[in-house]
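The values are calculated or read from the model by the stated rules, or taken from the named source; none is laboratory data. Being a predicted model, the structure only gives us computed values, none of them experimental. Here Cβ is always computed from backbone atoms with ideal geometry, including for glycine, and neighbour counts include all displayed protein chains.
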Amino acid sequence: DWNADNVIAEQVERIRAQIGSAKVICGLSGGVDSAVAAALVHEAVGDQLTCVFVDHGLLRKDERRQVEEDYAKSTGVRIVTVDASERFLGALAGVSDPEEKRKIIGREFIRTFEQAERDLVAEAADAGEPIRFLVQGTLYPDVVESGGGSGTANIKSHHNVGGLPDDLQFELVEPLRTLFKDEVRAIGRELGLPEVIVGRQPFPGPGLGIRIVGEVTAERLAILREADAIVRAELSAAGLDAEIWQCPVVLLADVRSVGVQGDGRTYGHPIVLRPVSSEDAMTADWTRVPYDVLAKISNRITNEVPDVNRVTVDITSKPPGTIEWE
Ligand code: XMP
């Protein structure tokens with residue numbers, strides 16, 4: 001029988017054997033895989049591990065705090081945060097095309113991470129303790145997918161934040177290589193990780209950057225972040241987290257419609273809710289969220305989020321629609 005304790009004990013032993021007394025680094029994305037991989041390595045070698053967390057400014061409300069405070073507190077992992085929001089916003093200025101955004105975000109992410117890596121490597125080398133290992137949260141399905149040329153068309157370039165630099169100078173530590181997602185979550189819970197991280201629904205590496213249809217700006221990100229936080233809170237409060245695979249919240253930044261609020265005319269943006277039910281994200285059906293939950297979300301968003309005067313629900317399955325709008 002599969003047992004989280006046994007897997008943890010086994011992996012801790014393996015990691016110790018591989019790393020010895022060397023230094024190791026890990027990139028955290030805010031997602032469950034890198035968080036659990038890092039926690040396992042920390043369990044094995046303690047402060048020989050340093051984590052790098054790149055804040056690209058495209059995170060959801062509270063995500064940075066959840067990593068820096070909740071996760072760090074519960075694991076003891078040392079985290080170096082790089083605040084790169086300005087850099088990403090600068091690089092994204094004037095760009096509306098979805099694939100162009102993905103390329104820019106992917107490129108800037110790798111550059112930012114590599115710079116942080118170089119700084120840490122230099123610092124460690126000065127202290128006479130070179131960093132030789134890099135932790136990756138690779139899961140079993142990732143191993144299978146990248147090994148087998150399945151020949152499926154690449155519809156969107158799925159850049160997973162934390163991608164490997166080209167001139168890799170590290171030996172990889174991949175403690176999740178034999179595991180499935182559910183098993184990774186079980187291990188994370190056993191290690192005492194916060195539920196917001198362990199139970200997190202899928203969230204794309206390019207973050208809110210591909211949920212603003214149109215150019216990404218700081219103002220638009222602020223609007224979307226508020227609307228998204230309301231949606232997540234209300235769906236959770238209604239007990240729908242298990243039924244919903246994920247619920248992208250999309251800002252149609254280039255669309256405006258006329259509304260009326262109080263005794264004034266408004267000319268604001270629509271928000272799209274995209275709740276989907278799915279097994280693996282390859283196909284999906286739109287989730288039949290109860291009307292009263294939708295009503296509450298709609299009321300709250302139009303009352304609480306400036307510049308949004310309409311809330312719509314996407315009722316397209318996948319195919320033909322993809323889960324994300326970009
Ligand atoms: P689509 O929109 O293709 O999404 O139906 C399928 C799943 O993949 C996620 N997704 C991404 N994840 N980088 C990621 O790391 C991306 O660029 C990206 N695009 C989509 C999406 O959230 C869904 O879970």
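For the range 133-162, residues that are surrounded by 17 or more Cβ atoms within 10 Å (Cβ to Cβ) and modelled with pLDDT of 90 or more total 7.
Is there a residue in the range 232-239 that is on the phi < 0 side of the Ramachandran plot, within 16 Å of the ligand (Cβ to nearest atom) and touching a residue at least 40 places away in the same chain (Cβ under 8 Å)? Checked against the condition, which is being on the phi < 0 side of the Ramachandran plot, within 16 Å of the ligand (Cβ to nearest atom) and touching a residue at least 40 places away in the same chain (Cβ under 8 Å), the range 232-239 yields at least one hit.
Being outside any helix (DSSP H, G or I), surrounded by 14 or more Cβ atoms within 10 Å (Cβ to Cβ) and in contact (Cβ under 8 Å) with a residue 40 or more places away in the chain is a description that applies to Ile79.
Number of residues in the range 189-207 that are outside any loop (DSSP other than H, G, I, E, B) and aromatic (Phe, Trp, Tyr): the value is 0. The sole residue among Val272, Val216 that is part of a strand (DSSP E or B), within 16 Å of the ligand (Cβ to nearest atom), over 27 Å from Val77 (Cα atoms) and at pLDDT 95 or above is Val272.
The listed residues are Thr316, Thr302, Thr287, and the only one of them that is within 16 Å of the ligand (Cβ to nearest atom), buried (at least 17 other Cβ atoms within 10 Å of the Cβ) and of a type in the set (S, T, N, Q) turns out to be Thr287.
Examine the range 87-95 for a residue that is modelled with pLDDT of 95 or more and over 17 Å from Leu221 (Cβ atoms), and state whether such a residue exists. Walk me through how you get there before you give the answer.
Pass one, the range 87-95, residues modelled with pLDDT of 95 or more: 87-95.
From the residues that got through so far, the ones that are over 17 Å from Leu221 (Cβ atoms) too are none.
Within the range 87-95 (the criterion being modelled with pLDDT of 95 or more and over 17 Å from Leu221 (Cβ atoms)), the answer is no, since none of the residues qualifies.
Evaluated against (1) under 26 Å from Ala91 (Cβ atoms); (2) free of Cβ contacts under 8 Å to residues at least 40 places away in the same chain; (3) out of contact with any strand residue (DSSP E or B) (no Cβ under 7 Å at 6 or more places or on another chain); (4) of a type in the set (Lys, Arg), Arg225 falls short on exactly one condition, (2).
State yes or no: is Asp280 part of a strand (DSSP E or B), within 16 Å of the ligand (Cβ to nearest atom) and not hydroxyl-bearing (Ser, Thr, Tyr)? It is false that Asp280 is part of a strand (DSSP E or B), within 16 Å of the ligand (Cβ to nearest atom) and not hydroxyl-bearing (Ser, Thr, Tyr). Among residues of the range 54-66 that are in a strand (DSSP E or B), those with a Cβ under 7 angstrom from a residue that is surrounded by fewer than 18 Cβ atoms within 10 Å (Cβ to Cβ), sequence gap 6+ or separate chain, pair up as Val54/Val82; Asp55/Arg64; Asp55/Thr81; Asp55/Val82; Asp55/Asp83; Asp55/Ser85. Of the numbered conditions (1) under 19 Å from Gly137 (Cβ atoms); (2) assigned to a helix (DSSP H, G or I); (3) in contact with a His (Cβ under 9 Å, 6 or more places away or on another chain), Ser74 satisfies every one except a single condition; which is it? With (1) under 19 Å from Gly137 (Cβ atoms); (2) assigned to a helix (DSSP H, G or I); (3) in contact with a His (Cβ under 9 Å, 6 or more places away or on another chain) applied to Ser74, the lone miss is (3).
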